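Notes follow the structure.
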Amino acid sequence: MVVYQDSTDGVKPSHLIGFFGGWPGPPSAETHLRILRQSDHVLLARDDGTGQVAGFITAISDGVLCAYIPLLEVLPGWRGRGIGTELVRRMLRRLSGLYMIDLICEPALRPFCERRGMTPATGMVRRNAASQSGLS
Ligand SMILES: CC(C)(COP(=O)(O)OP(=O)(O)OC[C@H]1O[C@@H](n2cnc3c(N)ncnc32)[C@H](O)[C@@H]1OP(=O)(O)O)[C@@H](O)C(=O)NCCC(=O)NCCS
């Protein structure tokens, strides 16, 4: 079973193993923890037995008009049990007073996002491959 929390209280890098699946140069677990701590909003789903993080979502916001959801991931072994849905639901509820809430996703995940209340739009991105593991 997982429990949800809206802070990084009690989370160590060793609880953050296996994320950034498919990234050639992913952030380390230590950097991942920094990302979680420095985000304006964070929600974690944790294995209530081991404390391992099974899934997470972050948001960055100006607290006035806009929020962006840069990261959402559930570990493969935990997928298909409603954790991703619950993380999105809780984050959208936290951000619900804001005018714009944006998220970029793969085309295959468009139905997942649409079924959770989001609308397709055209986005533009720029990625710096040399910084994929994060700034030190
Ligand atoms: C997307 C993700 C967060 C879903 O987490 P989850 O805990 O399995 O989600 P749930 O159990 O709540 O629901 C599963 C849903 O994900 C959809 N899904 C998962 N992987 C998918 C994929 N590769 N392509 C299309 N849909 C996918 C399922 O169709 C299902 O949607 P439905 O309930 O509307 O039918 C998870 O698959 C993941 O971490 N993927 C890799 C990272 C990623 O793509 N992040 C999303 C960025 S927006």
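The values are calculated or read from the model by the stated rules, or taken from the named source; none is laboratory data. Note that the structure is a prediction, hence the values are computed from the model and not measured. For neighbour counting, all protein chains shown are included, and Cβ atoms are generated from backbone atoms with ideal geometry for every residue, glycine included. With ligands, DNA and RNA removed, areas are computed over all heavy atoms of the protein, side chains included. Shrake-Rupley method; radii C 1.70, N 1.55, O 1.52, S 1.80 Å.
From largest accessible area down, sort GLU30, GLU86, GLU114; use a 1.4 Å probe on the protein chains.
Of GLU30, GLU86, GLU114, the descending order of accessible area is GLU30, GLU114, GLU86.
Can you work out the FRET efficiency for the pair VAL64 and SER136, with r the C-beta to C-beta distance and R0 = 30 Å, to the nearest 0.05? Walk me through the numbers before you get to the answer.
On the way: r = 30 Å, r/R0 = 1.01.
For VAL64 and SER136, the calculated efficiency is 0.50.
How much of ILE104 can a 1.4 Å solvent probe reach, expressed as accessible area in Å² and rounded to 10?
80 Å²
Given DSSP loops and a limit of at most 11 other Cβ atoms within 10 Å, what is the longest stretch of the chain that contains no such trypsin sites (Lys or Arg not before Pro)?
1-114
If you count only protein heavy atoms and use a 1.4 Å probe, how large is the accessible surface of MET100, to the nearest 10 Å²?
70 Å²
How much of VAL42 can a 1.4 Å solvent probe reach, expressed as accessible area in Å² and rounded to 10?
10 Å²
Per q in 0.10, 0.12, 0.14, 0.21 1/Å, what log10 I(q)/I(0) does a Debye calculation on the alpha-carbon atoms of the chain return?
Here the Debye-derived log intensity ratios amount to -0.32, -0.47, -0.66, -1.52.
Computing the accessible area with a 1.4 Å probe over protein heavy atoms, can you report the carbon and sulfur percentage for region 13-127?
53 percent
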